[in-house]
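**Q** Following this message is one structure expressed as structure tokens.
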Amino acid sequence: MVNPDLAGGALLDLGIYSLTWVFQILYHLQAADAKEKPVVTAALNKYAATGADDSTAIIVRFPKHNTLGIATTSLRADTDASGAGKTPGIRIQGSKGEIQVAHPAFRPDSYRVVRKGAAEGEVEIVECPLPKDESRGGWGHGFFWEADEAARCVRDGKVQSEGMPWEESVVIMEVMDEALRQGGVEYPALITSHEFDPESSLNTGR
């Protein structure tokens, strides 16, 4: 989890869940002809024994769209410390109120709509449970949607998903790279190189 030789650290392990929500709302929904990469400001704490990050916070700002998002991730602190699922994993805030998405971020099953100026306690709760197969004792954490999309792309001969194109994936990776750069976290060239080396130990097992 914290071994740099294995790409360990909070951001690469868990941070993608936080960033996915930020990008789904603030980048993914931008018009195709007005896509804007964010300005990134990041801070992190390192795990002293290895130098990998154990807690990271990233602010992504889209100046032209006048929006910003904050993504945090940690190996030390739990979003829902009580374990009761009452703490929002995501908060989407705007001029008319906010949406509080239930913990955990990677498979929420409800959200709350809190409108500005609403009477105290007047909150709309929307339940959205994940599909289950009771004959299997319940299953699925949302990964089946990802698997289904990959299967459809393979079936139809597509090299990328229309719902999550390469371009957006690359921008997210650039944000993560910039956050690590600002925090002074470096990984071995063996696992960061974009050049394919058939003789690499990652490909040969040697």
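**Q** Inside the range 20-43, can you point out the residues that are β-branched (Val, Ile, Thr) and in contact with a strand residue (DSSP E or B) (Cβ under 7 Å, 6 or more places away or on another chain)?
**A** Within the range 20-43, Val22, Ile25, Val39, Val40, Thr41 qualify.
**Q** Within the range 151-206, can you find the residues that are β-branched (Val, Ile, Thr) and either surrounded by 11 or more Cβ atoms within 10 Å (Cβ to Cβ) or under 30 Å from Ala42 (Cα atoms) (or both)?
**A** Answer for the range 151-206, where residues must be β-branched (Val, Ile, Thr) and either surrounded by 11 or more Cβ atoms within 10 Å (Cβ to Cβ) or under 30 Å from Ala42 (Cα atoms) (or both): Val170, Val171, Ile172, Val175, Val185, Ile191, Thr192.
**Q** Let me ask something else. If Glu36 meets every condition in (1) assigned to a loop (DSSP other than H, G, I, E, B); (2) under 20 Å from Gln182 (Cα atoms); (3) without any contact (Cβ under 8 Å) to a residue 60 or more places away in the chain apart from one, which number is that one?
**A** Result: Glu36 passes all but (2).
**Q** Working carefully through the options Asp80, Asp54, find the one that is of a type outside the set (S, T, N, Q), outside any loop (DSSP other than H, G, I, E, B) and over 25 Å from Pro165 (Cβ atoms).
**A** Working: Asp80 fails: outside any loop (DSSP other than H, G, I, E, B).
Of Asp80, Asp54, the one residue that is of a type outside the set (S, T, N, Q), outside any loop (DSSP other than H, G, I, E, B) and over 25 Å from Pro165 (Cβ atoms) is Asp54.
**Q** Here's another thing I want to ask about it. I need the full set of residues from the range 99-129 which are within 24 Å of Thr79 (Cα to Cα) and in contact with a Lys or Arg (Cβ under 6 Å, 6 or more places away or on another chain), in order please.
**A** Let us first name the residues in the range 99-129 that are within 24 Å of Thr79 (Cα to Cα), namely 99-115, 121, 123-129.
If the condition is that a residue be within 24 Å of Thr79 (Cα to Cα) and in contact with a Lys or Arg (Cβ under 6 Å, 6 or more places away or on another chain), then Gln100, Val123, Ile125 are the ones that fit.
**Q** Hey, can you tell me all the residues within the range 100-112 that are touching a residue at least 60 places away in the same chain (Cβ under 8 Å) and assigned to a strand (DSSP E or B)?
**A** Val101
**Q** Only residues in the range 122-133 that are farther than 17 Å from His103 by Cα count as the first member; pair them with residues that are at pLDDT 90 or above and of a type outside the set (Val, Ile, Thr), Cβ under 6 angstrom, at least 6 apart or cross-chain, and list the lot.
**A** Within 6 Å, the pairs are Val123/Arg112.
**Q** State which residue is modelled with the highest pLDDT when the search covers only the range 73-87 and only residues that are among the aliphatic types (A, V, I, L, M) and either surrounded by 13 or more Cβ atoms within 10 Å (Cβ to Cβ) or closer than 24 Å to Pro131 by Cα (or both). I'd like the intermediate steps shown before the answer.
**A** Narrowing the range 73-87 to residues among the aliphatic types (A, V, I, L, M): 75, 77, 81, 84.
Narrowing the set further to residues that are either surrounded by 13 or more Cβ atoms within 10 Å (Cβ to Cβ) or closer than 24 Å to Pro131 by Cα (or both) leaves 75, 84.
Numbers: Leu75: 94, Ala84: 74.
Among those residues, the one meeting the criterion is Leu75.
**Q** Got at least one residue in the range 69-82 being out of contact with any Asp or Glu (no Cβ under 9 Å at 6 or more places or on another chain) and more than 21 Å from Trp21 (Cβ to Cβ)? Quick ask: steps written out before the conclusion?
**A** So in the range 69-82, the residues out of contact with any Asp or Glu (no Cβ under 9 Å at 6 or more places or on another chain) come out as 69-72, 77-82.
Filter once more, so that each one left must be more than 21 Å from Trp21 (Cβ to Cβ): 82.
Yes: the range 69-82 contains one or more residues that are out of contact with any Asp or Glu (no Cβ under 9 Å at 6 or more places or on another chain) and more than 21 Å from Trp21 (Cβ to Cβ).
**Q** On to the next question. Can you tell me which residues in the range 88-126 are among the charged types (D, E, K, R), under 27 Å from Trp145 (Cα atoms) and modelled with pLDDT under 90? Show your work before the answer.
**A** Of all residues in the range 88-126, those among the charged types (D, E, K, R) come to 91, 96, 98, 107, 109, 112, 115-116, 120, 122, 124.
Filter again for under 27 Å from Trp145 (Cα atoms), leaving 91, 98, 107, 109, 112, 124.
Selection gives Arg107, Asp109.
**Q** Also, I was wondering about something else. List the residue pairs whose Cβ atoms are under 8 Å apart, where the first residue sits in the range 58-85 and is free of Cβ contacts under 8 Å to residues at least 60 places away in the same chain, the second is basic (Lys, Arg), and the two are 6 or more positions apart or on different chains.
**A** Thr67/Arg61; Leu68/Arg61; Asp80/Lys86
So that you can scan it fast, the table gives a plain yes or no per residue for (1) more than 30 Å from Lys116 (Cβ to Cβ); (2) surrounded by 15 or more Cβ atoms within 10 Å (Cβ to Cβ); (3) at pLDDT 95 or above; (4) polar (S, T, N, Q):
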| residue | (1), (2), (3), (4) |
| --- | --- |
| Tyr17 | no, yes, no, no |
| Leu44 | yes, yes, yes, no |
| Val60 | no, yes, yes, no |
| Gly69 | no, yes, yes, no |
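The values are calculated or read from the model by the stated rules, or taken from the named source; none is laboratory data. Keep in mind the model is a prediction, meaning the values are calculated, not measured. All Cβ positions, even for glycine, are placed from backbone atoms using ideal geometry, and neighbour counts span all protein chains on display.
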